[in-house]
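Data first, discussion second: the structure below is written as structure tokens.
The values are calculated or read from the model by the stated rules, or taken from the named source; none is laboratory data. Note that the structure is predicted; figures quoted are calculated from it, not measured. Cβ placement follows ideal geometry from the backbone for every residue including glycine, while neighbour counts extend to all protein chains displayed.
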Amino acid sequence: MQNRVAPFSDAPTSRGKRHLEHLAAAKRAGYRSFILFFAQRVHAKALTPKDETDPTFGDAFRDAVDKGVEALAYRLRIRGRNVELSRRLPILRTSRLAGIGSTPA
């Protein structure tokens, strides 16, 4: 995590790319479509696709958002057996952008 920006994912995910494509297709068919991210980093201030690890996922994410898929991210707080949504996080369109103030998704 750099600059308190939580990256997704730590490994290439062809399955994640397929899910985004299915969400975009559902949106085109008239459904409301969401992708949800959960950051388990207590200091995270934002989330971004990690283009350095998987540029095809990053491209699919941006394409899905451009087609109307809604992207939401939340920071989780885990305490023992309890999991709480502690804060909604902005999602940056690309990890290549510098800092927290970059263009949100």
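Just one of the listed residues (62, 32, 41) is outside any helix (DSSP H, G or I), touching a residue at least 40 places away in the same chain (Cβ under 8 Å), among the basic types (Lys, Arg) and under 27 Å from residue 86 (Cα atoms), and it is 41. Being in contact with a helix residue (DSSP H, G or I) (Cβ under 6 Å, 6 or more places away or on another chain) and under 20 Å from residue 13 (Cα atoms) is the requirement here; does residue 57 meet it? Yes, satisfied. The residues in region 65-83 that are polar (S, T, N, Q) and assigned to a loop (DSSP other than H, G, I, E, B) can be counted, and the count is 0. The single condition from (1) modelled with pLDDT under 90; (2) out of contact with any strand residue (DSSP E or B) (no Cβ under 7 Å at 6 or more places or on another chain) that residue 41 fails is (2).
Restricting region 12-29 to residues that are without any contact (Cβ under 8 Å) to a residue 40 or more places away in the chain and closer than 28 Å to residue 77 by Cα leaves a set whose member that is surrounded by the fewest Cβ atoms within 10 Å (Cβ to Cβ) is 15.
Taking the conditions (1) within 12 Å of residue 7 (Cα to Cα); (2) surrounded by 15 or more Cβ atoms within 10 Å (Cβ to Cβ) in turn, residue 61 satisfies each one other than (1). In the set (1) more than 26 Å from residue 87 (Cα to Cα); (2) part of a strand (DSSP E or B), the condition left unmet by residue 25 is number (2). Only residues that are surrounded by fewer than 19 Cβ atoms within 10 Å (Cβ to Cβ), part of a strand (DSSP E or B) and modelled with pLDDT of 90 or more were counted across region 88-105, and they come to 1.
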